[in-house]
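*Asks:* To start, I am sharing the structure in question, which I have written as structure tokens.
The numbers here are math on the coordinates, done by the rules we state, and not lab data. Since the model is a prediction, treat every value here as computed from it, not as a measurement. Glycine gets a Cβ as well: all are built from the backbone with ideal geometry, and neighbour counts include every protein chain shown.
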Amino acid sequence: MRLGEFHRFAAGGAEFLYLVPSAAIFALDDVSRAVVDALAAGELAFEELAARLNRRFRASEVHDAVFELRGVRAVVDGEMASVRQMPPANFPLSTVVLNLTNQCNLACTYCYEYGEDKIVDTQFGSQPKFMDAATARDTVEFLLRESGRRAHLTFFGGETLLNSPVLRETIEYARRRAAEVGKEIDFSLTTNATLLREEIIEFLADNNVGVTVSIDGPREMQDQFRVFHNGRGSYDVVTPKVQELLKRHRSRPIGARVTLTAQTLDIRRIFRHLRDEIGFWEVGFAPVTTAPNRAYAIEDRGFDDMLAQFRELAGEFLEYTVENRHHGFSNVRDTIEELHQGMSKSHPCGAGLGLLGVSTSGDVALCHRFAGSETHKMGTVQTGIDRLVQIDFLDKHHVDDKTDCRQCWARPLCAGGCYHEAHTRYGDTQRPNLHYCEWIRGWTDTCLRIYGELAMRNPDYLRRLNREEHHETSQVSK
């Protein structure tokens, strides 16, 4: 017998194993802990193991512990064959990110869609600048045709609200068509908030549309990169509009999505400002997606700083949650939910699988970040998904084919990282995102410890996750 693959961690006065690749979390009792400790030195036959532990435990207790540990593959016999798990054929589509426009009224310096690292030429390229109503209706029919009982439609851009007439018409059409075919559909959008007006806010609230605002924090941070085309900062325009949105739109929680750069890494201050001073229900952070030589790219020390601040906020989240109070740090909440679901990914995210992006012309893309790219096209909303292209993509991007990932204990949640990040950083969607491996492992370990603490100190919170929807707001990233 020998040990299987797992990550061991302590939390709440107990010890746990995070089991790879099943992604289960296993609590160790005294006997199983002793078995794991004994096998850490090398392989043992059961008789040898029982003899080593006979002063503390009866042979029957050791036998039962080994039986249980074998059941979860924390202990294995000889070599265990690796079984390549692929998503089933015709995996149902759950989310379509519909690009209403590829134009924006801001000129954010770091923007992956319009800045130095853009994939598609949105100014002189062949894609229409705005999606028309007919293509939007075709997208709805495509989603309803390819989805299961529930479908999610999220509106994106560019700046989504530049095409608000088609937004309104599409929501009304989609709700009617979903009812006709006996499916449920819900809606969300991402916006920079500059174009929010009273009538738009009323429409979003009345139609229960989830809203995520792309905003980077206090004035000096927001205005560092999120500027209008004339260079003027957007904070003073955005803030009063967001406050009106929060005041009127009460049907769903409103979330903030922050892009972190080398110049804007005061995460604690950003969080306090957006949650406590502005009033967002939750705040999520993501490091900027960029080539490594950009002035705003986050490098090694920046990732270390980011992890330290994430850990501090995660500790706050824990104490709030133990007391059944809402905290609002969505990064830790999302990871806790994935851990609780036993998420074990063969591919980094739902892109190309349960989630697809649709360009302004109706081309179906790997995700919204590749919308309009011929290289990453997977069909059209009129003709459907090109299954041969999809299967070929999923086969080539399986985590088992990423050499560096195969030995990493954090791969069930990461699976190599974002395709767009890999394309931007390395020029190849098949490459793992090695520049933030240590960050991913550190953050996953932190969330495992938070999970273990909650299991010991407030297990009702974890039980409630079984009854709640996975996301309260859509954090599709700009």
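*Asks:* In whole Å, what is the distance between the alpha-carbon centres of the range 159-195 and the range 1-73?
*Replies:* Comparing the Cα centres of the range 159-195 and the range 1-73, I get a distance of 52 Å.
*Asks:* Could you name the lysines in cross-link range of LYS402, using Cα to Cα under 24 Å and dropping any fewer than eight places away on the same chain?
*Replies:* Within the straight-line cut-off, LYS402 pairs with LYS345, LYS377.
*Asks:* Which whole-number percentage describes the relative contact order of the chain, with Cα contacts under 8 Å and a sequence gap of 6 or more? Don't skip to the answer; put the middle values down first.
*Replies:* On the way: 845 pairs, mean separation 85.5, N = 478.
It rounds to 18 percent for the chain.
*Asks:* If R₀ is 51 angstrom, what is the calculated FRET efficiency for the pair ASP132 and VAL72, using the beta carbon separation as r and rounding to 0.05? Don't skip to the end; give the middle numbers.
*Replies:* Numbers: r = 53 Å, r/R0 = 1.04.
For ASP132 and VAL72, the calculated efficiency is 0.45.
*Asks:* Please report the spacing between the Cα centers of the range 388-423 and the range 341-369 in Å, no decimals.
*Replies:* Comparing the Cα centres of the range 388-423 and the range 341-369, I get a distance of 13 Å.
*Asks:* If R0 is 56 Å, what FRET efficiency do you get for ALA41 and LYS118 from their C-beta distance, rounded to 0.05? Numbers along the way, then the final one.
*Replies:* On the way: r = 54 Å, r/R0 = 0.96.
Once rounded, the FRET efficiency stands at 0.55.
*Asks:* What's the extension gain from ASP428 to ASP334 if we count 0.36 nm per residue and subtract their Cα-Cα distance? Show your work: numbers first, answer last.
*Replies:* On the way: separation 94, 0.36 × 94 = 33.84 nm, distance 2.71 nm.
Taking 0.36 nm per residue and subtracting the Cα distance, the gain is 31.1 nm.
*Asks:* With runs of 4+ DSSP H residues as the only contributors, calculate the mean residue ellipticity of the chain at 222 nm using -39,500 (n - 2.57) per run, divided by the residue total and rounded to the nearest 500.
*Replies:* Details: 17 runs with 186 residues, N = 478.
Estimated from H runs of four or more residues: -12000 deg cm²/dmol.
*Asks:* Another question about this same structure. According to the square roots a ≥ b ≥ c of the eigenvalues of the Cα gyration tensor, what is the shape class of the range 228-342, taking rounded for a/c under 1.5, prolate for a/b larger than b/c otherwise, and oblate for the remainder?
*Replies:* Working: a/c = 2.01, a/b = 1.08, b/c = 1.87.
Oblate.
*Asks:* Report, in debye and to the nearest 20, how large the dipole of the range 2-76 comes out about its Cα centre when Lys and Arg carry +1 and Asp and Glu carry -1 on their Cβ.
*Replies:* Roughly 60 debye for the range 2-76.
*Asks:* Determine the relative contact order of the range 2-76: mean sequence separation of Cα pairs under 8 Å and six or more apart, normalised by residue count, in whole percent.
*Replies:* Working: 85 pairs, mean separation 26.1, N = 75.
Reported as a whole number, the value is 35 percent.
*Asks:* For the pair ARG84 and ARG463, how long in nm is the line joining their label points, each one 7 Å along Cα→Cβ?
*Replies:* Output for this residue pair reads 4.3 nm.
*Asks:* Now a separate question. Simple spin-label model, 7 Å along Cα-to-Cβ: ALA51 to ARG248 in nm?
*Replies:* 7.9
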